[in-house]
Amino acid sequence: MIAFSDSYKRFSKNILFLVGLCIFTVFSSELYAHGVDENTREFLKANQGLAIGPFLYIGAKHMVTGYDHLLFLVGVIFFLFRTRDVLLYASLFTLGHSLTLLTGVLASIQVNPYLIDAMIGLSVVYKGFDNLQGFKHLLGFQPNPKVAVMIFGLFHGFGLATKLQEFALPKTDLWKNLLAFNIGVELGQFFALTFILIVLDYWRQHNSFYTFSTATNTLLMSSGLILFGYQMTGYLLK
């Protein structure tokens, strides 16, 4: 019993540390403009041709450090216990953001970056609210979660597209660089999902998972609202 108590305390401290780290990231004044750090900005501005390796790396890094995407993924898989379901929802999300990422850049579809990132913040709010059975209590039914993940994947893809369009990338080999970037995003997503699933699977072995599931999804909603407010403030003050 004592050993279990010590293990539970250590686990709780780790969870609190991760939550604190996420909150620090969201509130940090050093947040990159639309999620692109200075080194990446300089590379994208200077790039004039085919660069498969760098675009792979940039795509993977963007997903792994993209707290808005990660928060949404946490909400999506929070109550998914079967590997088949995780793969299905991850595939729907991938299909959605791949379509709008490639189409958005290649067709030069312009979307205000603040507004699209605000919608991404709302996607996090939606998923947390959905996990809390909010729609069933409020409306008496639950929207199709698969369709919702696909639709929000489209918004996330437009978010990625707007970031790339800021740099007026050269048309030469553009589709190849975009494909490399998209593959990098998927690799980053796979890495992030693997880490999230390891943490969740370990947490699910403890009673605290169900005890704090409501609080966790409430925190998820709060984070989404903060992201939404942050982006809308940027839009209004632009």
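The values are calculated or read from the model by the stated rules, or taken from the named source; none is laboratory data. Remember, it's a predicted structure, so these values are computed and weren't measured experimentally. Glycine also receives a Cβ, built like all others from the backbone with ideal geometry; neighbour counts cover every protein chain displayed. Note: accessible area is taken over every heavy atom of the protein model, side chains too, but ligands, DNA and RNA are not part of it. Shrake-Rupley method; radii C 1.70, N 1.55, O 1.52, S 1.80 Å.
Once a ≥ b ≥ c are taken as the square roots of the eigenvalues of the Cα gyration tensor of region 183-232, is the result rounded (a/c under 1.5), prolate (a/b larger than b/c) or oblate (a/b not larger than b/c)?
oblate
Can you list the equivalent-ellipsoid semi-axes of region 46-133, largest first and in whole Å, using the square root of 5 times each Cα gyration tensor eigenvalue?
27, 17, 12
Can you give the local net charge around Asp117? Use residues other than it whose beta-carbon is closer than 10 angstrom to its beta-carbon, Lys and Arg +1, Asp and Glu -1.
Within the 10 Å Cβ shell, the charges total 0.
Based on the Cα coordinates of region 95-150, what is the per residue volume of their convex hull in Å³? Kindly include the intermediate steps, with their values, before the conclusion.
Details: hull volume 4.8 nm³, N = 56.
Spread over its residues, the Cα hull of region 95-150 gives 85 Å³ apiece.
Please give the solvent-accessible surface of Glu166 in Å², to the nearest 10, using a probe radius of 1.4 Å with every protein chain present.
Per-residue accessible area (Glu166): approximately 80 Å².
Could you tell me the distance between the Cα centroids of region 61-137 and region 142-213, to the nearest Å?
6
Given a 1.4 angstrom probe, what's the average accessible area per residue across region 44-126, in square angstrom?
With the other protein chains kept in place, region 44-126 gives 43 Å² per residue.
Hey, what did region 102-238 get for relative contact order, percent, Cα under 8 Å, at least 6 apart? All intermediate terms of the calculation are to be shown ahead of the outcome.
Values: 94 pairs, mean separation 73.4, N = 137.
In percent, rounded to a whole number, it is 54.
For region 108-212, how big is the tail of P(r) above 25 Å, as a whole percent of Cα pairs?
40
In sequence order, what are the phi-derived ³J(HN,Hα) couplings for region 58-71 according to the Karplus relation 6.51 cos²θ - 1.76 cosθ + 1.60 with θ = phi - 60°, rounded to whole Hz, with x for glycine and proline?
4, x, 5, 5, 4, 5, 5, 9, x, 4, 5, 5, 5, 4
So, with a 1.4 angstrom probe, what is the percent of accessible area on region 110-238 that is carbon and sulfur?
Working: 4510 of 6450 Å².
Exposed carbon and sulfur together represent 70 percent of the surface.
Rg and Dmax of region 44-97, using alpha carbons, in Å: what are they?
Reported Rg and Dmax, both Å: 14.7, 45.
Any idea how far apart Arg204 and Trp175 come out in nm if each label point goes 7 Å out from Cα toward Cβ?
Output for this residue pair reads 4.0 nm.
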